[in-house]
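Please treat every number below as a calculation from the coordinates, not as lab data. Values in this document were obtained by computation on a predicted structure and should not be read as measured data. No Cβ is skipped: glycine too gets one built from the backbone with ideal geometry, and neighbour counts run over all protein chains shown.
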Amino acid sequence: MVGWLGDDLNPVFECHTEHEFWQLVADPTEKLVSAIDEFVRNHDAKLAVALQHGDERLISYLRKEDIPFVTLDGAPAYAVEYGSHFTPEGNQFVSRVLEKFLTEQVVIN
C-alpha cells in the first residue's frame, strides 16, 4: 500500500509491505523520469510516457519537462487483488489509445 505524505516541496510516501513494516522515503519518481529522459535524449531518441491512471503530480512534471504522455484511464482492468492487469477488452482499448498517441507523436515530431 502506498500513500503520499509531505507536501510539494518535500514529497514523501509511505510504503507498507506484507511484513508490517512502514518506512518513509523521498519520492524518487521525478528524479527517475529525469534520468531516463536524459539517457533517452543522449541516445538520439525521445521519451514518451503512458500512465495507467492519471497522476496530477506526475502529469504536471511531464508537462513542465515537455515529455509527451497519455493516460490510459478508462481501460477495463481486473481488481487490485488480481494485479490490476488490463482485461482483454482493456488491452484492446490501450492498443487503440497508444496507436493514436504514437501516430500523433510521429506526425508532430
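What to note about this one:
- Residues that are closer than 19 Å to Val106 by Cα and in a helix (DSSP H, G or I) within the stretch 48-72 comprise Leu62, Arg63, listed in sequence order.
- Just one residue in the set Ala45, Ala75 is part of a loop (DSSP other than H, G, I, E, B), hydrophobic (A, V, I, L, M, F, W, C) and loosely packed, with under 13 Cβ neighbours inside 10 Å; that residue is Ala45.
- Within the stretch 80-103, tally of residues that are loosely packed, with under 13 Cβ neighbours inside 10 Å and either touching a residue at least 40 places away in the same chain (Cβ under 8 Å) or closer than 26 Å to Asp27 by Cβ (or both): 5
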